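First up is the structure itself, then whatever we jot down about it.
The values are calculated or read from the model by the stated rules, or taken from the named source; none is laboratory data. What you see is a predicted model; the values in this text were computed from it and never measured. Note that each Cβ is placed from the backbone with ideal geometry, even for glycine, and that neighbours are counted across all protein chains shown.
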Amino acid sequence: MSESQSGRLLPWALVTPALLWTLVFFIIPFVAMFVLSFMQHEDGRATFENYRQFFDNPSYWRALVNSLQVTLTVTAISVLLAYPFAWILAEIVPVRYQRLALMLAVLPFWTSYVVRSYSWLLVLAQNGVVNQALTGSGIVDDPLQIANTRGATIIGFVHFFVMLLTLTIFANLKQLSPSYRRAAADLGAGPVRVFLHVILPLTLPGIMVGAFLTFVLAIGDYITPQILGGNNELLMPQLIMMQIGRRGDFPLASALAIILMVVVTIAYIICSRWLKIERT
Amino acid sequence: MRAAGKILVSAYALAIYGFIFLPVVVLVLFSLQASSFPIPPFTGPSLRWYEVVLSDRRLMSALFNSVAVALLSSALAVALGFLAAWGFARHHLPRSGLMRGLITLPLTVSYLIIGMGLLIVFNWAGVPKSLIAAGIGHVVINLPLCFAIIYSQMGDHQVTLERAARDLGASEWKVLFLVSVPVLWPAIFASFFLAMTFSWDEFVIAFLLTRFDTTLPVEIWNLLRSGLNPRTNAIGSLVFGVSIVLALLLELVFFRRSR
């Protein structure tokens, strides 16, 4: 092989393994899932039946509606809780302690997903810490039913995403130059107006990125709703896993997964549009 | 007014810290429970459940499996990611943007869907459920991450070093392993440990793609069937400890140096 030939082949030798891996273990499985979603479970014939089932069966519909309600609630609560917290960390805490304060704030982020949801079960269970504190102090007479409800799912999600959003919003606030704030203050704006008209608009794109990330990760998660919410009401990932686990109905599971991906794509289109308007 | 504001700010920060730490504190505290239920009143401290867990052969083999899958899949993801990043950063390839997009595409898809797709293809190809299948899935989720991190760290100052080595007669492979790898070591190290933590924690792919021999998160999931159980607290606390050590290593080695 001549020098120039090996020179031309080398870059391909470098990038091909990663490309092949992605093709074989990501693209092909995805295409297979897509094709399968148009097949009959029993005999493998081509059909729209799986998608039709989703639109005809109200309990399947309900799972998507539940998923959207839970995810949007989680996103809103998480942003509202995380923003002031990130602001305190970035603006009030002395600079030399900020890194430590932030590290502490995201430490439980590193617990495994399954363990984190189980920990909330300990806290929220019928005879768990919260209920024993409430009944022990006489605030309520009978323990509250928190575990195995939508509320528990939301609490578990919010816990995770407050940490994630604190990280992204903190980074966003730190990137703001203090001269903006000073300029606004010099022109006579009070602290509230500085916040509403300067800081908030400048950090909005960052918030949107964090909110979108929250939406995507929460709507695709199976563990939190399964452990904390139980089976009283199903979210989309639970419905998908149920088709695989109990019934082995891969075509229907594939169709549901594709529908979930379409929803995420729509959310992305809405978010990206909104972001662009904000930037101009 | 100022004092009231200060109190309000401190109270809010403390409340959020309390919320963030509540489940972790409860988990670790009741892992030290002496009696058989991890609920108040606290009857410890006792290391009883840690002894039970550490002598549980299923859990310990799952722990070993998790470590093995995390190490091997992360090493492969870093190797593939590094080679590709080097290729794209140092050479002009046609449709480079499209190919880079392809490699990072799995980042946008949920683990559930990645796992399901692999399960369908493996079923069809007759590949049995195994730790290797789960490891393949973990490379799929970590390769884009490793690639993106290493690619973003490839600056122009390294090109000069590499050119100098080439001028002095080093072959391409020598340049790669004796110059580029050492220079990019922090990024390689960081992506390796990040991939380790993701693989170590990953549940749904391992759940779908393994059967008898499985990873620790799946084994913990199986424990959950028995309800609240101090054994789960103990193994959960151990897992948390390992993750914290990995996170601290990442912080100390990479982020300190990059500042």
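Some observations on this one:
- Count of the stretch B:1-39 residues which are among the aliphatic types (A, V, I, L, M), within 30 Å of B:Gly241 (Cβ to Cβ) and assigned to a helix (DSSP H, G or I): 12
- Residue, farthest from A:Trp12 (Cα to Cα), within the stretch B:85-113, restricted to residues that are in contact (Cβ under 8 Å) with a residue 40 or more places away in the chain and at the interface with another protein chain (Cβ under 7 Å from one of its Cβ atoms): B:Leu112
The rows are residues; the columns are (1) more than 25 Å from the chain's Cα centre (by Cα); (2) over 22 Å from A:Gly220 (Cα atoms).
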site: B:Leu119; (1), (2): no, no
site: B:Asn142; (1), (2): no, no
site: B:Met154; (1), (2): no, yes
site: B:Ala170; (1), (2): yes, yes
site: B:Ala187; (1), (2): no, yes
site: B:Phe192; (1), (2): no, yes
site: B:Trp200; (1), (2): no, no
site: B:Val204; (1), (2): no, no
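- Helices (runs of 4 or more DSSP H) completely within the stretch A:61-145 that count 2 or more residues being surrounded by fewer than 21 Cβ atoms within 10 Å (Cβ to Cβ) and at pLDDT 85 or above: A:95-105
- Condition broken by A:Gln243, with the remaining ones in (1) under 30 Å from A:Thr47 (Cβ atoms); (2) in contact with a Gly (Cβ under 9 Å, 6 or more places away or on another chain); (3) surrounded by 21 or more Cβ atoms within 10 Å (Cβ to Cβ) satisfied: (2)
- Among the residues listed as B:Ser73, B:Ser66, the single one being touching a His at 6+ places or on another chain (Cβ under 8 Å) and closer than 30 Å to A:Phe215 by Cβ: B:Ser73
- Residue in the stretch B:82-92 that is surrounded by fewer than 19 Cβ atoms within 10 Å (Cβ to Cβ) and part of a loop (DSSP other than H, G, I, E, B) present: yes
- Pairs where the first residue, in the stretch A:244-261, is under 18 Å from B:Val121 (Cβ atoms) and the second is outside any helix (DSSP H, G or I) and of a type in the set (D, E, K, R), C-beta under 9 Å, 6+ apart: A:Ala253/A:Arg247
- First in the stretch B:189-200 and within 13 Å of B:Val242 (Cα to Cα), second anywhere and modelled with pLDDT under 90 and of a type in the set (Phe, Trp, Tyr), Cβ under 7 Å, 6 or more apart: B:Thr197/A:Trp110
- Checking the stretch B:35-56 against the condition returns no match, with no residue being more than 11 Å from chain A (Cβ to nearest Cβ) and either touching a strand residue (DSSP E or B) at 6+ places or on another chain (Cβ under 6 Å) or over 30 Å from A:Leu122 (Cα atoms) (or both).
- Which numbered condition A:Tyr222 misses (of (1) under 24 Å from A:Val263 (Cβ atoms); (2) touching a residue at least 60 places away in the same chain (Cβ under 8 Å); (3) within 14 Å of another protein chain (Cβ to nearest Cβ); (4) of a type outside the set (A, V, I, L, M, F, W, C)): (2)
- The criterion of being touching a helix residue (DSSP H, G or I) at 6+ places or on another chain (Cβ under 9 Å), at pLDDT below 90, in a helix (DSSP H, G or I) and surrounded by 15 or more Cβ atoms within 10 Å (Cβ to Cβ) does not hold for A:Ala257.
- Residue in the stretch B:123-140 that is out of contact with any Lys or Arg (no Cβ under 7 Å at 6 or more places or on another chain), closer than 22 Å to B:Ala195 by Cβ, without any contact (Cβ under 8 Å) to a residue 24 or more places away in the chain and not aliphatic (A, V, I, L, M) present: no
- Number of residues in the stretch B:111-132 that are of a type in the set (Gly, Ala, Ser) and surrounded by fewer than 23 Cβ atoms within 10 Å (Cβ to Cβ) equals 3.
- Scoring A:Val216 on the criteria (1) modelled with pLDDT of 90 or more; (2) closer than 29 Å to A:Val115 by Cβ; (3) in a helix (DSSP H, G or I) leaves a single failure, condition (1).
- Checklist (1) within 13 Å of chain B (Cβ to nearest Cβ); (2) surrounded by 18 or more Cβ atoms within 10 Å (Cβ to Cβ) applied to A:Thr265, failing item: (2)
- Verdict on B:Ala75 being within 30 Å of B:Gln153 (Cα to Cα), away from chain A (no Cβ under 13 Å) and surrounded by fewer than 16 Cβ atoms within 10 Å (Cβ to Cβ): yes
- Any hit, the stretch B:173-185, residues being without any contact (Cβ under 8 Å) to a residue 12 or more places away in the chain and touching a helix residue (DSSP H, G or I) at 6+ places or on another chain (Cβ under 8 Å): yes
- Of all the residues in the stretch A:19-58, those that are touching a residue at least 60 places away in the same chain (Cβ under 8 Å), of a type in the set (Gly, Ala, Ser) and over 30 Å from B:Gly135 (Cβ atoms) number 0.
- Residue check, B:Ser226 at pLDDT below 90, hydroxyl-bearing (Ser, Thr, Tyr) and within 25 Å of B:Gly44 (Cβ to Cβ): yes
- The residues of the stretch A:225-234 that are more than 8 Å from chain B (Cβ to nearest Cβ) and in contact with a Phe, Trp or Tyr (Cβ under 8 Å, 6 or more places away or on another chain) amount to a single one, A:Leu228.
- Evaluating B:Ala34 against the criteria (1) farther than 30 Å from B:Ile141 by Cβ; (2) free of Cβ contacts under 8 Å to residues at least 12 places away in the same chain; (3) exposed (fewer than 14 other Cβ atoms within 10 Å of the Cβ) leaves one unmet condition, (2).
- Any chance A:Arg45 is surrounded by fewer than 18 Cβ atoms within 10 Å (Cβ to Cβ), modelled with pLDDT of 90 or more, basic (Lys, Arg) and farther than 30 Å from B:Val175 by Cα: no
- Restricting the stretch B:215-252 to residues that are more than 7 Å from every other protein chain (Cβ to nearest Cβ) and hydroxyl-bearing (Ser, Thr, Tyr), the residue that is farthest from B:Ser66 (Cα to Cα): B:Ser226
- Taken together, the residues in the stretch B:48-70 that are over 24 Å from the mean Cα position of the chain (by Cα) and small (Gly, Ala, Ser) amount to 1.
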